[in-house]
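Asks: One structure follows; several queries about it will come next.
Every number in this text was worked out from the coordinates using simple rules, so none of it is lab data. Not measured: the values here are computed from a predicted model. Ideal geometry is used to build each Cβ from the backbone, glycine not excepted, and the neighbour counts take in all protein chains shown.
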Amino acid sequence: MKATVLRTIVALVFSGVATIVMTQATFAAGAWQGVVGGGSPNIRSAPTTSAPVVGTLSAGSPISIQAWVHGQMVEGVNETWGEIGPGRYVYSANLLKPSSSSPPAPRTFSGHWIDANLTQQVITAYNGSTPVFSAVMSSGAPGWETETGVHQILRRVPNETMTSASLRVAVEVPYDLPNVLYTQYFTSYGEAIHDNYWKGADSPFGVPTSHGCIGLPEAQAKQFWDWAQVGTIVNIHD
């Protein structure tokens, strides 16, 4: 099961100066599987670019992430880093999740329903026990984890403006996003499946970077909009 733990304070001692970094890890059952993006990204001893480089990765090579952690906001508003192993971190903008077949669902339901796998960051539309289509998604970032459990679509909004003022906790970078399409709320406090048009190369799909929602490219958000209705089950799990 996923658990949020406050990790040990990491003391980075270099150039005669000690920098203290607190990291909060989101551990999931199994490991995220993906590939390294372009270039040769550095592996660092803590989730910050001020930490020593302890290795590099090769573009296109497979990679397993054991945990997602909150770290330095290097690009855009993306603060998610991947922990490869103890004392080995890579910035998530350097990671890609290729499209793949649907991971097995831990349970099934009758009729149309939706399965969201937080470990692999894949969302799948099911008809009974049969997977019909799937998409790479982005769920809640470390500290903003998407709530697991069996939910239902509570309400749907075809086009709306989302603002950080509606969140339960203040965010570091406020936002006001118009024309968010195909929003399907599955909690009473604002977690939803929706179009995530503002994501770019600095925050790729397949990495958990949201404030709790499940973000999708517009075409896939429309697919799930057409698949579901108020009352459709959304089973979210690690």
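Asks: D for the range 112-237, whole µm²/s, Stokes-Einstein with Kirkwood Rh over alpha-carbon pairs at 25 °C and 0.890 mPa s: what number?
Replies: On the way: Rh = 14.4 Å.
The estimated diffusion coefficient comes to 171 µm²/s.
Asks: Starting from the 7 Å offset along Cα-to-Cβ, what nm value, one decimal, do you get for the label separation of A201 and T108?
Replies: Placing both labels 7 Å beyond Cα along the Cβ direction yields 4.2 nm.
Asks: Turning to a different aspect of this structure: Let's see if you can work this out: charge +1 on each Lys and Arg Cβ, -1 on each Asp and Glu Cβ, no other charges. What is the dipole magnitude of the chain about its Cα centre, in debye to the nearest 20? Write out the running numbers ahead of the final one.
Replies: Values: 11 positive and 15 negative charges, 78 e Å.
Approximately 380 debye in magnitude.
Asks: Hey, another quick one. What ratio of Cα Rg to 2.2 N^0.38 Å holds for the range 195-238? Provide the component values of the computation, followed by the final result.
Replies: Working: Rg = 11.8 Å, N = 44, 2.2 N^0.38 = 9.3 Å.
This ratio for the range 195-238 stands at 1.27.
Asks: Now for a separate question. So how far apart, in nm, are the two label points at S101 and T56 if each is 7 Å from Cα heading toward Cβ?
Replies: Going from the S101 label point to the T56 one covers 3.6 nm.
Asks: Stokes-Einstein diffusion coefficient for the range 132-197 at 25 °C in a medium of 0.890 mPa s, Rh from the Kirkwood formula over Cα pairs: what value in µm²/s?
Replies: For the chosen part, D equals 187 µm²/s.
Asks: Among the trypsin sites (Lys or Arg not before Pro) in the range 129-237, which ones are in a DSSP loop with at most 11 other Cβ atoms within 10 Å of the Cβ? Mind listing them? Don't jump to the answer; show the numbers that get you there.
Replies: Working: sites: R155, R156, R168, K199, K222; in loops: R168, K199.
Sites meeting the loop and neighbour criteria: R168.
Asks: Also, quick follow-up: Any idea what angle helix 218-227 forms with the longest principal axis of the chain, computed on alpha-carbon atoms, 0 to 90 degrees, nearest 10?
Replies: The helix 218-227 is inclined about 40 degrees to the chain.
Asks: Can I ask one more? Would you please calculate the Kirkwood hydrodynamic radius of the chain over all C-alpha pairs and express it in Å, rounded to one decimal?
Replies: On the way: mean 1/r = 0.0545 Å⁻¹.
Radius from the Kirkwood sum: 18.3 Å.
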